[in-house]
Amino acid sequence: MKSSFFIAKRYLFSKKTHNAINIISGISVFGIAISSAALVIVLSAFNGIEQIVIEINSAFEQDIRIESNQTKTFNRDFMPESIYKVDGLINATEVIEEIIILKNDDRFIIGQIKGVEPQFLEMSEMEAHLEDGYPIIEDEFGPLGLIGVEALMNLGGYADPTFGEYDEFTVYSSK
């Protein structure tokens, strides 16, 4: 170990008149130190961002997902009752997902729609994730939907804080 320090000291701090080696060594040490510091800072930032993303999406992403690998859907009677009686199970809900085309006036986007049960709103703590509006999926006029902010902006919709005032979108889906 002493030999490596001796060699490093000799090239970094030599007292010869030809100090090109000193300059090149200094630039190399400086470059490696800066790039190492940048790498540590970037990795620390990504680690923090990862935690934020996990916290935001953990309410919507399930811990366990049961789905058919042969068909798109399956009969809910297929699930044995014992699955709902597992120790530690706090919430369970059934969800149907589909890729759709959403239209508002002359604007179209491709998105994903989820058909959920009413307890999903409480289970996912939807009220804490809403930018505007109310966490309801049905009222006296019929079923409703909640739309993401980016999808709403891309469709040219608006979030109206008045209860009972809704934007209407056309949903295109395969049968």
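The values are calculated or read from the model by the stated rules, or taken from the named source; none is laboratory data. Computed from a prediction, not measured in an experiment: that's the story for all the values here. In this analysis, Cβ positions are derived from the backbone assuming ideal geometry, glycine residues included, and neighbour counts consider all displayed protein chains.
Tally time: how many residues in region 40-72 are part of a loop (DSSP other than H, G, I, E, B), of a type in the set (S, T, N, Q), over 15 Å from the mean Cα position of the chain (by Cα) and surrounded by 10 or more Cβ atoms within 10 Å (Cβ to Cβ)?
Keep residues of region 40-72 that are part of a loop (DSSP other than H, G, I, E, B), which gives 58-72.
Cutting the leftovers down to of a type in the set (S, T, N, Q) gives us 58, 62, 68-71.
Then drop every residue that is not over 15 Å from the mean Cα position of the chain (by Cα), which leaves 68-71.
Within this subset, residues satisfying the condition of being surrounded by 10 or more Cβ atoms within 10 Å (Cβ to Cβ) are 68.
Summing the residues that are part of a loop (DSSP other than H, G, I, E, B), of a type in the set (S, T, N, Q), over 15 Å from the mean Cα position of the chain (by Cα) and surrounded by 10 or more Cβ atoms within 10 Å (Cβ to Cβ) in region 40-72 gives 1.
Give the residue, chosen from 127, 131, that is within 19 Å of the chain's Cα centre (by Cα), farther than 24 Å from residue 64 by Cα, outside any strand (DSSP E or B) and among the acidic types (Asp, Glu). It would help to see each step written out before you state the result.
Details: 127 fails: farther than 24 Å from residue 64 by Cα.
The conditions single out 131.
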Q: Filter region 153-175 down to the residues that are among the aromatic types (Phe, Trp, Tyr) and either surrounded by 12 or more Cβ atoms within 10 Å (Cβ to Cβ) or outside any loop (DSSP other than H, G, I, E, B) (or both), then identify the one that is modelled with the highest pLDDT.
A: 172
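Is there a residue in region 48-61 that is more than 23 Å from residue 123 (Cα to Cα) and not assigned by TED's automatic domain parsing to the domain that holds residue 127?
Let us first name the residues in region 48-61 that are more than 23 Å from residue 123 (Cα to Cα), namely 48-49.
Going one step further and asking which of them are not assigned by TED's automatic domain parsing to the domain that holds residue 127, we end up with 48-49.
Yes: one or more hits.
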Q. Residue check, residue 17 against (1) surrounded by 10 or more Cβ atoms within 10 Å (Cβ to Cβ); (2) among the hydroxyl-bearing types (Ser, Thr, Tyr); (3) at pLDDT below 80, all met but one. Which one?
A. (1)
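Answer yes or no as to whether residue 122 is assigned by TED's automatic domain parsing to the domain that holds residue 90, outside any strand (DSSP E or B) and surrounded by 12 or more Cβ atoms within 10 Å (Cβ to Cβ).
yes
Taking region 134-152 as the region of interest, how many residues are on the phi < 0 side of the Ramachandran plot, surrounded by fewer than 11 Cβ atoms within 10 Å (Cβ to Cβ) and either hydrophobic (A, V, I, L, M, F, W, C) or over 22 Å from the mean Cα position of the chain (by Cα) (or both)?
Result for region 134-152: 4.
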(Q) For region 106-118, check the following and say yes or no: at least one residue is touching a residue at least 40 places away in the same chain (Cβ under 8 Å), in contact with a strand residue (DSSP E or B) (Cβ under 9 Å, 6 or more places away or on another chain), surrounded by 12 or more Cβ atoms within 10 Å (Cβ to Cβ) and basic (Lys, Arg). (A) no
